[in-house]
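Heads up: the structure comes next, in structure tokens.
The values are calculated or read from the model by the stated rules, or taken from the named source; none is laboratory data. The structure presented is a predicted model; accordingly, all values stated were derived computationally and were not measured. Note: ideal-geometry Cβ built from the backbone for every residue, glycine included; neighbour counts use all protein chains shown. Ligands, DNA and RNA are excluded from the accessible area calculation, which covers all protein heavy atoms including side chains. Shrake-Rupley method; radii C 1.70, N 1.55, O 1.52, S 1.80 Å.
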Amino acid sequence: MNTVTWIQLAIERMCEKTSSSPAFELIELFTGDEWNVLTSGEKSTLGKVFAAEVRSGNIDGIHFAPINPNGRHNKYIVY
């Protein structure tokens, strides 16, 4: 898996969302066929790298959304 390519694709798809879009998870930026190509370990790695990029401010126009107490995955919002 080329993490840089996957992150770039996620950013491109995230940019298609408007600031009024509801919070979303990383998986929602990919089709089922795309997501299912990745192993569970690759999905986990991609999620961690994407979250780290958002946390560091390297991805403009996105922040973390609040996660409900039972939530396991990060959610993001476009601003």
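A few points about this structure:
- Backbone N under 13 Å from the Glu42 label point (7 Å along Cα→Cβ), restricted to region 1-16: 1-7
- Normalised contact order of the chain, rounded percent, pairs of Cα under 8 Å and 6 or more residues apart: 39
- Probe 1.4 Å, accessible area per residue of the chain, Å²: 65
- In the chain, the longest principal axis of the Cα atoms and the axis of helix 3-14 are about 40 degrees apart.
- With the helix formula -39500 (n - 2.57) applied to DSSP H stretches of n ≥ 4, the chain reaches a computed 222 nm mean residue ellipticity of -13500 deg cm²/dmol.
- For region 38-79, the relative contact order comes to 28 percent (Cα pairs under 8 Å, sequence separation of at least 6).
- Each 10 Å bin from zero holds the following percent of Cα-Cα pairs in the chain: 18, 56, 26, 1.
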